[in-house]
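Here the structure is laid out as structure tokens; the discussion comes afterwards.
The values are calculated or read from the model by the stated rules, or taken from the named source; none is laboratory data. Just so we're clear, the structure is a prediction, and the values are computed from it rather than from any experiment. Positions of Cβ are backbone-derived with ideal geometry, glycine not excepted, and every protein chain shown enters the neighbour counts. Surface accessibility is based on the protein's heavy atoms, side chains included, excluding ligands, DNA and RNA. Shrake-Rupley method; radii C 1.70, N 1.55, O 1.52, S 1.80 Å.
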Amino acid sequence: MSVRAPIAWWVAAAALAVLVAMHQAYLGGDGLLYIAHGRFMLAHGEVPAIDPFSEMSIRDPLILHMVLPMLGFAWLEQHIGLTGLVLLSSLVGVLVLVVLLLPARQSLVATLAGVVLLALVVVADKEMFGVRGQIFAYLLFAAWLAVCVRVLHGKRPYLAIAVLLPTLWANTHPSFLLAVALPLLFAGALLLEPARDRRAARALIALSLVAVLASFLSPYGPRLIVDVVQLLFDDTTQRISHMRSPPVTLPWLALLAGLCAVPALRALSGPARHRRLHILLALAWIAMTLISRRYAAYAAAWSIWLLADALRNVPLTERAGRTVVVATGLAFLVCFPAVPGMRDLDR
């Protein structure tokens, strides 16, 4: 019989996440630029028509992709300072880790496996806790993923949430296009199932359309989507380190091996509804991670959903569970001091 992750384990996991976040949190050039743009908007009461900090782009219209973090970071910097802002960012990072683990909460085995995946993400990609809009994008993605899974299982999403999440995302980070793409990816994979659930597929397509319309609720309206799509394929974007393929290093190889093992585990765990869909989506996320390392955290989030389903009935006695938890905690305390902290070259 599977052992559910006890409350004590979640408290311990959150405490360890705080240590990780405080060790890795940083404020770099992007965060300082956020604050500068936010100060401008607070002072003038509007988004700038052109970039006020660049002499090279005075003829080009400016479209900001992170309006809410810019305003929020600038306001917080005025009230709690830069140190407080870094602390707040690290705490949001802790919330991200906890929320990403929530699907696995029914099983201690799945929770531990999810912790391993997230630990590999943090070690392989050390920018999880930066003062940037990306950290909120992870949080919104986890919530949107839960909405999509709810629709996949034949349940109606709450309309207010279905509109609010993509609206917030569109004003937070350009990755909001995932709010449009994810339901379509679900619907396409669903139609490849032997027993096609056309009703759920139509609901997912409708959810994607809601995400498109909700993203219009920004200072730029439909122009925001056009600009983000153009930027996605621009040469300058492809040169950003986060948009490149992951480097061939031990942490990245371990993470990719873990992500590849999840769909294999799901395939071997026995027949279940949407089995083919789960495997296809897992492979799609792995492929996206190989193309751009920015998608590693998103791939890990979906893999934790798979683990929760595949490991739900894995037998584990309560005594063995406690032993694993204690051993995991001790291993973390021994190994973590060797993990280098974030060093920002823009500082």
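Mean separation of Cα pairs under 8 Å and 6+ residues apart, divided by the residue count of region 168-274: what relative contact order is that in percent?
Numbers: 54 pairs, mean separation 22.9, N = 107.
Value for region 168-274: 21 percent.
Given H placed on each backbone N at 1.01 Å, which residues far from S292 in sequence or on other chains put an amide H within less than 5 Å of it?
HN-HN under 5 Å from S292: empty list.
Hey, got a sec? Which chymotrypsin sites (Phe, Trp or Tyr not before Pro) in region 107-175 land in a DSSP loop and have at most 15 other Cβ atoms within 10 Å? Could the numbers behind the result be given before it?
Values: sites: F129, F136, Y138, F141, W144, Y158, W169; in loops: F129, Y158.
Listed in order of number, the matching sites are Y158.
Going by amide H atoms built from the backbone, whose H comes under 5 Å of the H on L62, apart from near neighbours?
Sorted by chain and number, the residues that satisfy this are I50, D51.
Set the Förster distance to 56 Å, then compute FRET efficiency between V116 and A43 from the Cβ-Cβ distance, nearest 0.05. Walk me through the numbers before you get to the answer.
Working: r = 46 Å, r/R0 = 0.83.
Efficiency, rounded to the nearest 0.05: 0.75.
Just subtract the alpha-carbon distance of F53 and A146 from 0.36 nm times their residue separation and send over the number in nm, one decimal.
Numbers: separation 93, 0.36 × 93 = 33.48 nm, distance 3.89 nm.
Taking 0.36 nm per residue and subtracting the Cα distance, the gain is 29.6 nm.
Once phi is turned into θ = phi - 60°, what whole-Hz ³J(HN,Hα) does the Karplus curve with 6.51, -1.76 and 1.60 give for every residue of region 83-93, x standing for Gly and Pro?
So the Karplus estimates, Gly and Pro as x, are 4, x, 5, 5, 4, 4, 4, 5, 5, 5, x Hz.
Compute the length gained on full extension between R156 and R275: take 0.36 nm times their separation in residues and subtract their Cα-Cα distance, giving the result in nm to one decimal.
Working: separation 119, 0.36 × 119 = 42.84 nm, distance 2.14 nm.
Length gained between R156 and R275: 40.7 nm.
Can you list the residues, at least 5 places off or on another chain, whose amide H is less than 5 Å from the amide H of G28, using H built in the peptide plane?
V131
Let a ≥ b ≥ c be the square roots of the eigenvalues of the Cα gyration tensor of region 150-238; is it rounded (a/c under 1.5), or, if not, prolate (a/b larger than b/c) or oblate?
Values: a/c = 3.05, a/b = 1.57, b/c = 1.94.
Cα axes put region 150-238 in the oblate bin.
Efficiency by 1/(1 + (r/R0)^6): what FRET value for A206 and T236, r their Cβ-Cβ distance, R0 = 30 Å, to the nearest 0.05?
E between A206 and T236, to the nearest 0.05, is 0.30.
Around I35, with a cut-off of 12 angstrom between Cβ atoms, what is the net charge of the other residues, counting Lys and Arg +1 and Asp and Glu -1? It would help to have the intermediate numbers written out before the result.
Working: positive: R39, R132; negative: D30, E77.
For residues surrounding I35, the net value is 0.
I'd like the FRET efficiency for A181 and H79, computed as 1/(1 + (r/R0)^6) with the beta carbon distance as r and R0 of 30 Å, rounded to 0.05. Please report the intermediate quantities before stating the final value.
Numbers: r = 37 Å, r/R0 = 1.22.
Efficiency, rounded to the nearest 0.05: 0.25.
Please compute the length gained on full extension between S245 and A36, using 0.36 nm multiplied by the number of residues separating them and subtracting their Cα-Cα distance. Please report the intermediate quantities before stating the final value.
Numbers: separation 209, 0.36 × 209 = 75.24 nm, distance 3.07 nm.
Gain in length upon complete extension: 72.2 nm.
At a 1.4 Å probe radius, which order do L213, L182, L139, L95 fall into by accessible area, largest first? Numbers along the way, then the final one.
Values: L213 110, L182 5, L139 45, L95 85 Å².
From most accessible down to least: L213, L95, L139, L182.
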